[in-house]
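*Asks:* This structure is in structure tokens; I'll ask about it shortly.
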Amino acid sequence: MSETDKTTCFEPWNEVGKKPLIEFRGVSKKFGALTAIDNVSFNIYEREFFALLGPSGCGKTTLMRMLGGFETPSQGQIFIDGKDISTIPANQRSVNMMFQSYALFPHLTVADNIAFGLKRSDMPKSEIAGRVDEMIKLVQLGNLGGRKPHQISGGQRQRVALARSLAKAPKLLLLDEPLGALDKKLRQETQFELVDIQEKLGTTFVIVTHDQEEAMTVSSRIGIMDQGKLIQIDTPDRIYEAPNSVRVADFIGDVNLIEGNATTTADDKVIISWAEGQPTLTAQTTTNITDGAKVTFAIRPEKIAMTTDKPTDASNAIEGHIHDIAYLGNVSIYKVRLSSGHMIKAQAANTRRLSRRNYTWEDKVWLSWTDTAGIVLTK
Amino acid sequence: MNFRKYLLILIPYTWLLLLFLVPFIIVVKMSLSDTEMAIPPYYPYFTLSEGWQGIVNFFSELDFENYVFLAEDNLYWKAYLSSLKIALISTAFTLLIGYPIAYGMANAPPEWRPTLMMIIILPFWTSFLIRIYAWMGILSQEGFLNQFLLWTGIIDQPLTILNTNIAVYIGIVYTYLPFMILPIYASLEKLDISLLEAAKDLGCNRSQSFWLVTMPLSKAGVIAGCFLVFIPVLGEFVIPDLLGGADTLMIGTILWQEFFANRDWPVASAVAVVLLLLLMIPIILFQRSEQKQREAEQ
């Protein structure tokens, strides 16, 4: 049973000899003196849902626009299906894009918008109407086909844009902040729908977003971009649990970063001394760390346990006072002040009602975690 | 509150009443009167000094004689039709020249646009009459254009352009070009660049995206420009008078001749009223297209 489960698991990037659908080879893009993309090389495989995530201005949109044919690389090459795309003009690539502003044609009806690309293709006229109906059903637009874009809601426009970009059955669909204009609740619902549609069609999707929750919900892999560089490409869980640098750890989710000096031990563990009068921290690591190196210990708030008495069996335990509490409904974030002045965030699920909470401001508490809870970063 | 609202509306309405409706009624009344060798040169005039009987007499003297005259003398019909033809042809030429200019302006780097706009508006700073006289200097037998063409050797005999319909077309297209360019530029400048990228993404080449996206989305500007040119050109008087010749027949010129050369104010008024009625059709069409555009934008 477990054998078959492993083979059906979708991880083409781990298959040896698997040909990527898209290949970036040393791609750079300069706008005047500004370097938007700095020597980027990576692969995207067929049927993947790949997210490019990063703060605004990190170059993620430029990277996507190069795939769509709206920008050309200053250096390097991009291959789709093994073909260098610089030889194929944008209007002949089997790549379609869903624009951030949706870019629906205001003078055309919903159905005509969806049919726009089909009419430019070699699809016989008799089949176009059928294909448009199919797309309208796929994105659940019901009987809105005859409406103009200004007569429908923002959420419906987003669906029209998606249907229009999928109508030509592209090999690759690019989505530029596709859900940015929707409110939070609608956005979350649409994220799951997007995943369903992608799985149903088997099209490769590349999404650009600055919303990490969105990237983690929809994608098979995430590429984290910062200042024109791809700093980590990995599955959402690996990005979260095993960031390769302080920047990735800090960008994704909430994290406590503790700087200190490492002392290695024989059994893959490091002892980190980090502040006067504070107990050293013990953490397991797989990376090679030289003795005495400066390291950053990263630990997520939800991996920290909080108790009134000192735990006896924890490998790491530090004492502090509750400085502040942020009540978020389902969870609370406790900011704990240590005697050295450090502030550590711990998260606890609110399993009891607020009135029966165990801790309050200025309470003395113990923070503890196991030696595998955090991660030791060297850069 | 309500009183102040009405007061606010009252100001433009009073303006329209005094400066449009009252003069129009005077012209209509004049067109229903008879010519007289007198000052003013028509009869009857409206007076309250003879009481009720005087007013009854006044109205019984009015008739449609001048309109019947207009219908019977084919000079007027020919002039109306010729004006219509000149207005239509020059509107078409203005559009053909104005659209590419507006398109070029809208696609120019943003820092150039104010300068380009300035160049389009600049001629308005000189008197319209002086600019038309300048064209007489350019187009005449020994004018700049002929001298230039003779000098380059393209022609060996000077061309007769001035005092022909060609000169009228040149004058009209030159004068009204800004009225075509500005509304088209305004609609092209609003055009979202991502729509053109979407068209390209969906398989359009450059000319397809122009005809399928740019053109339909600048339609409102084209319609506004065409009306802004067509309506005033239909009644144009100065340009045909100065640049046109014996064969240039435009209703504006006829109107001027009736008033000043013939001193036949009643017939001239009838010509003006018919011209106004003719202009009502494109004006109403223009208003309706503006209305539709506004509704589409909401």
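*Asks:* From the list B:106, B:38, pick out the single residue that is in contact (Cβ under 8 Å) with a residue 12 or more places away in the chain and aliphatic (A, V, I, L, M). So that I can check it myself, show each step before the final result.
*Replies:* Values: B:38 fails: in contact (Cβ under 8 Å) with a residue 12 or more places away in the chain.
Unique residue meeting the criteria: B:106.
*Asks:* So residue A:173 fits all but one of (1) touching a Phe, Trp or Tyr at 6+ places or on another chain (Cβ under 7 Å); (2) part of a helix (DSSP H, G or I); (3) under 27 Å from residue A:46 (Cβ atoms); what number is the exception?
*Replies:* It fails just one condition, (2).
*Asks:* Which of the residues belonging to the stretch B:181-213 are within 11 Å of chain A (Cβ to nearest Cβ), of a type in the set (Val, Ile, Thr) and out of contact with any Cys (no Cβ under 9 Å at 6 or more places or on another chain)?
*Replies:* Scanning the stretch B:181-213 gives a single hit, B:193.
*Asks:* Please go through the stretch A:14-40 and pick out each residue that is outside any loop (DSSP other than H, G, I, E, B), surrounded by 12 or more Cβ atoms within 10 Å (Cβ to Cβ) and out of contact with any Pro (no Cβ under 7 Å at 6 or more places or on another chain).
*Replies:* The initial filter retains those residues of the stretch A:14-40 that are outside any loop (DSSP other than H, G, I, E, B), namely A:14, A:22-31, A:34-40.
Cutting the leftovers down to surrounded by 12 or more Cβ atoms within 10 Å (Cβ to Cβ) gives us A:22-25, A:27-30, A:35-40.
Passing the criteria: A:22, A:23, A:24, A:25, A:30, A:35, A:36, A:37, A:38, A:39, A:40.
*Asks:* Report the residue count in the stretch A:53-95 for those that are within 21 Å of the chain's Cα centre (by Cα) and part of a strand (DSSP E or B). Quick ask: steps written out before the conclusion?
*Replies:* Initially, the stretch A:53-95 is screened for residues within 21 Å of the chain's Cα centre (by Cα), giving A:53-68.
Applying the additional criterion that residues be part of a strand (DSSP E or B) yields A:53.
Qualifying residue count, the stretch A:53-95: 1.
*Asks:* In the stretch A:102-147, what count of residues is obtained for those that are part of a loop (DSSP other than H, G, I, E, B), open to solvent by 70 Å² or more (accessible area, probe 1.4 Å) and at negative phi?
*Replies:* The first filter runs over the stretch A:102-147 and keeps only residues part of a loop (DSSP other than H, G, I, E, B), leaving A:102-109, A:121-124, A:139-147.
Remaining after also requiring open to solvent by 70 Å² or more (accessible area, probe 1.4 Å): A:122, A:140, A:143, A:147.
Applying the additional criterion that residues be at negative phi yields A:122, A:143, A:147.
Counting residues in the stretch A:102-147 that are part of a loop (DSSP other than H, G, I, E, B), open to solvent by 70 Å² or more (accessible area, probe 1.4 Å) and at negative phi gives 3.
*Asks:* Right, another one. Residue A:181: within 14 Å of chain B (Cβ to nearest Cβ) and open to solvent by 30 Å² or more (accessible area, probe 1.4 Å), yes or no? I'd like the intermediate steps shown before the answer.
*Replies:* Details: within 14 Å of chain B (Cβ to nearest Cβ): yes; open to solvent by 30 Å² or more (accessible area, probe 1.4 Å): yes.
Here the answer is yes, as residue A:181 does meet what is asked.
*Asks:* Considering only residues that are among the hydrophobic types (A, V, I, L, M, F, W, C) and more than 31 Å from the chain's Cα centre (by Cα), look in the stretch A:111-143 and name the one that is nearest to the other protein chains (Cβ to nearest Cβ).
*Replies:* Start the filter on the stretch A:111-143 by keeping residues that are among the hydrophobic types (A, V, I, L, M, F, W, C), which leaves A:111, A:114-116, A:118, A:123, A:128-129, A:132, A:135-136, A:138-139, A:141.
Retained after the next criterion (residues that are more than 31 Å from the chain's Cα centre (by Cα)): A:111, A:115-116, A:118, A:123, A:128-129, A:132.
Working: A:111: 14, A:115: 10, A:116: 5, A:118: 9, A:123: 11, A:128: 13, A:129: 17, A:132: 13 Å.
Selected residue: A:116.
*Asks:* Does residue A:21 satisfy the criteria of being on the phi < 0 side of the Ramachandran plot, out of contact with any Gly (no Cβ under 8 Å at 6 or more places or on another chain) and at pLDDT 90 or above?
*Replies:* On the way: on the phi < 0 side of the Ramachandran plot: yes; out of contact with any Gly (no Cβ under 8 Å at 6 or more places or on another chain): yes; at pLDDT 90 or above: yes.
Answer is yes for this residue.
*Asks:* Let me ask another. For the stretch B:1-30, which residues satisfy the criterion of being loosely packed, with under 11 Cβ neighbours inside 10 Å and among the hydroxyl-bearing types (Ser, Thr, Tyr)?
*Replies:* Once the filter is applied, which keeps residues that are loosely packed, with under 11 Cβ neighbours inside 10 Å and among the hydroxyl-bearing types (Ser, Thr, Tyr), the stretch B:1-30 yields B:6, B:14.
*Asks:* Are any residues in the stretch A:214-239 farther than 26 Å from residue A:203 by Cβ and in contact with a helix residue (DSSP H, G or I) (Cβ under 7 Å, 6 or more places away or on another chain), and if so, which ones? Spell out how you get there, then give the answer.
*Replies:* First, the residues of the stretch A:214-239 that are farther than 26 Å from residue A:203 by Cβ: A:226-229, A:231.
Passing the criteria: A:226, A:231.
A quick yes/no check of all residues on (1) assigned by TED's automatic domain parsing to the domain that holds residue A:294; (2) part of a loop (DSSP other than H, G, I, E, B):
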residue: A:216; (1), (2): no, no
residue: A:224; (1), (2): no, no
residue: A:240; (1), (2): no, no
residue: A:243; (1), (2): no, yes
residue: A:258; (1), (2): yes, no
residue: A:262; (1), (2): yes, no
residue: A:266; (1), (2): yes, yes
residue: A:271; (1), (2): yes, no
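*Asks:* Follow-up. Please go through the stretch A:158-173 and pick out each residue that is farther than 16 Å from residue A:193 by Cβ, more than 9 Å from chain B (Cβ to nearest Cβ) and not small (Gly, Ala, Ser).
*Replies:* A:170, A:171, A:172
*Asks:* OK, next. Is it the case that the stretch A:356-370 has a residue that's open to solvent by 40 Å² or more (accessible area, probe 1.4 Å), over 25 Å from the mean Cα position of the chain (by Cα), over 24 Å from residue A:241 (Cα atoms) and among the hydroxyl-bearing types (Ser, Thr, Tyr)?
*Replies:* There is at least one residue in the stretch A:356-370 that is open to solvent by 40 Å² or more (accessible area, probe 1.4 Å), over 25 Å from the mean Cα position of the chain (by Cα), over 24 Å from residue A:241 (Cα atoms) and among the hydroxyl-bearing types (Ser, Thr, Tyr).
*Asks:* Next question. Which condition breaks for residue A:97 when tested against (1) crowded, with 21+ Cβ neighbours inside 10 Å; (2) more than 10 Å from chain B (Cβ to nearest Cβ); (3) under 25 Å from residue A:210 (Cβ atoms)?
*Replies:* For residue A:97, the exception is condition (2).
*Asks:* Sticking with this structure for a sec: Looking at residue B:19 and the list (1) within 30 Å of residue B:172 (Cβ to Cβ); (2) aliphatic (A, V, I, L, M); (3) in contact with a helix residue (DSSP H, G or I) (Cβ under 8 Å, 6 or more places away or on another chain), which single condition is not satisfied?
*Replies:* All conditions are met except number (3).
*Asks:* Where in the stretch B:222-298 are there helices (runs of 4 or more DSSP H), lying wholly inside it, with at least 2 residues that are open to solvent by 80 Å² or more (accessible area, probe 1.4 Å) and either within 14 Å of another protein chain (Cβ to nearest Cβ) or at pLDDT below 90 (or both)? Spell out how you get there, then give the answer.
*Replies:* On the way: elements: B:238-243, B:251-256, B:265-297.
Filter on the stretch B:222-298 gives B:265-297.
*Asks:* Would you be able to say whether some residue in the stretch A:362-374 is among the hydrophobic types (A, V, I, L, M, F, W, C), part of a strand (DSSP E or B) and without any contact (Cβ under 8 Å) to a residue 60 or more places away in the chain? Full working, then the answer.
*Replies:* So the first thing to find is which residues in the stretch A:362-374 are among the hydrophobic types (A, V, I, L, M, F, W, C), and the list is A:365-367, A:369, A:373.
From what is left, the residues that are part of a strand (DSSP E or B) are A:365-367, A:369.
Filter once more, keeping what is without any contact (Cβ under 8 Å) to a residue 60 or more places away in the chain: A:365.
Checked against the condition, which is being among the hydrophobic types (A, V, I, L, M, F, W, C), part of a strand (DSSP E or B) and without any contact (Cβ under 8 Å) to a residue 60 or more places away in the chain, the stretch A:362-374 yields at least one hit.
*Asks:* Another one. Tell me yes or no: at least one residue of the stretch A:264-282 is at positive phi and at pLDDT below 90.
*Replies:* Start the filter on the stretch A:264-282 by keeping residues that are at positive phi, which leaves A:268, A:277.
Now restrict to residues that are at pLDDT below 90: A:268, A:277.
Taking every residue of the stretch A:264-282 in turn, at least one turns out to be at positive phi and at pLDDT below 90.
*Asks:* Given (1) crowded, with 21+ Cβ neighbours inside 10 Å; (2) within 12 Å of chain A (Cβ to nearest Cβ), where does residue B:176 come up short, assuming only one miss?
*Replies:* Going through (1) crowded, with 21+ Cβ neighbours inside 10 Å; (2) within 12 Å of chain A (Cβ to nearest Cβ) one by one, residue B:176 breaks only (2).
*Asks:* I'd like the residue in the stretch A:83-94 that is of a type outside the set (Gly, Ala, Ser) and surrounded by fewer than 21 Cβ atoms within 10 Å (Cβ to Cβ) and, out of all such residues, is farthest from the other protein chains (Cβ to nearest Cβ).
*Replies:* Going through the stretch A:83-94, the residues of a type outside the set (Gly, Ala, Ser) turn out to be A:83-85, A:87-89, A:91-93.
Adding the requirement that they be surrounded by fewer than 21 Cβ atoms within 10 Å (Cβ to Cβ) leaves A:83-84, A:87-89, A:91-93.
Working: A:83: 18, A:84: 19, A:87: 17, A:88: 12, A:89: 8, A:91: 5, A:92: 7, A:93: 9 Å.
In this case the residue turns out to be A:84.
*Asks:* Please find, within the stretch B:191-218, the residue that is farthest from residue A:70 (Cα to Cα) out of those that are assigned to a helix (DSSP H, G or I) and touching a residue at least 24 places away in the same chain (Cβ under 8 Å).
*Replies:* Initially, the stretch B:191-218 is screened for residues assigned to a helix (DSSP H, G or I), giving B:193-201, B:206-217.
Imposing the further condition that a residue be touching a residue at least 24 places away in the same chain (Cβ under 8 Å) reduces the set to B:214, B:217.
Numbers: B:214: 18, B:217: 22 Å.
The residue in question is B:217.
*Asks:* So which residues in the stretch B:31-83 are open to solvent by 80 Å² or more (accessible area, probe 1.4 Å), within 16 Å of residue B:258 (Cβ to Cβ), modelled with pLDDT of 85 or more and not polar (S, T, N, Q), if there are any at all?
*Replies:* Within the stretch B:31-83, B:65, B:69, B:72, B:77, B:78 qualify.
*Asks:* Quick check, is residue B:170 over 17 Å from residue A:117 (Cβ atoms), of a type outside the set (Ser, Thr, Tyr) and away from chain A (no Cβ under 14 Å)?
*Replies:* Values: over 17 Å from residue A:117 (Cβ atoms): yes; of a type outside the set (Ser, Thr, Tyr): yes; away from chain A (no Cβ under 14 Å): yes.
For residue B:170, the condition - over 17 Å from residue A:117 (Cβ atoms), of a type outside the set (Ser, Thr, Tyr) and away from chain A (no Cβ under 14 Å) - is met.
The values are calculated or read from the model by the stated rules, or taken from the named source; none is laboratory data. Keep in mind that what you see is a predicted model, and the values were worked out from it rather than measured. FYI the Cβ positions are ideal-geometry reconstructions off the backbone, even for glycines, and counts take in every protein chain you see. The accessibility values were calculated without ligands, DNA or RNA, using every heavy atom of the protein model including side chains. Shrake-Rupley method; radii C 1.70, N 1.55, O 1.52, S 1.80 Å.
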